[in-house]
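These notes are about the structure you will find just below.
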Amino acid sequence: MRVGDYATIDRDVSLQTHLFEDRVMKMSAVTVGPSASVGTRTVVLYDAVVGAGVRLGALSLVMKGEHLTPGTDWQGLPAEGRAAPTAPCAA
């Protein structure tokens, strides 16, 4: 497991470095980049990379081998990218 500087791992998060698939134990690393934020009760499966500055919402699931683009927002089960908030239009 690799967790970058200033990363935030909330309560009850599972950074899962192994799974049993068809009665075979498969293992690999989980990487959380610097300044990333992983929300409460989120699961990140092995071979996944949560990029630098990523904001991963609560109750989310990052599938094995998935790479979340640095500086983006994610939420859901499985996690999907969220659109960045837009600035209000000046009238």
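The values are calculated or read from the model by the stated rules, or taken from the named source; none is laboratory data. This one's a predicted model, so the numbers in the text were calculated from it and none came from an experiment. Note that each Cβ is placed from the backbone with ideal geometry, even for glycine, and that neighbours are counted across all protein chains shown. Remember, those area values only see protein heavy atoms, side chains included, never the ligands or the DNA or RNA. Shrake-Rupley method; radii C 1.70, N 1.55, O 1.52, S 1.80 Å.
Observations, loosely collected:
- Averaged over its residues, the chain has an accessible area of 64 Å² per residue, based on protein heavy atoms and a 1.4 Å probe.
- Taken about its Cα centre, the chain carries a charge dipole of roughly 80 debye when the Cβ of each Lys and Arg holds +1 and the Cβ of each Asp and Glu holds -1.
- Measuring nothing but protein heavy atoms, the accessible surface of the chain at 1.4 Å probe radius is 56 percent carbon and sulfur.
- Here the spin labels are modelled as points 7 Å beyond Cα on the Cα-Cβ line, and at H18 and R41 they lie 2.7 nm apart.
- Given (i) 6.6; (ii) 5.2; (iii) 5.6, the label whose value is mean projected area of the Cα convex hull in nm² derived from this model: (i)
- Point-to-point label distance, R2-M63, nm (Cα→Cβ direction, 7 Å offset): 2.3
- Cα centroid separation, region 56-80 to region 17-45 (Å): 11
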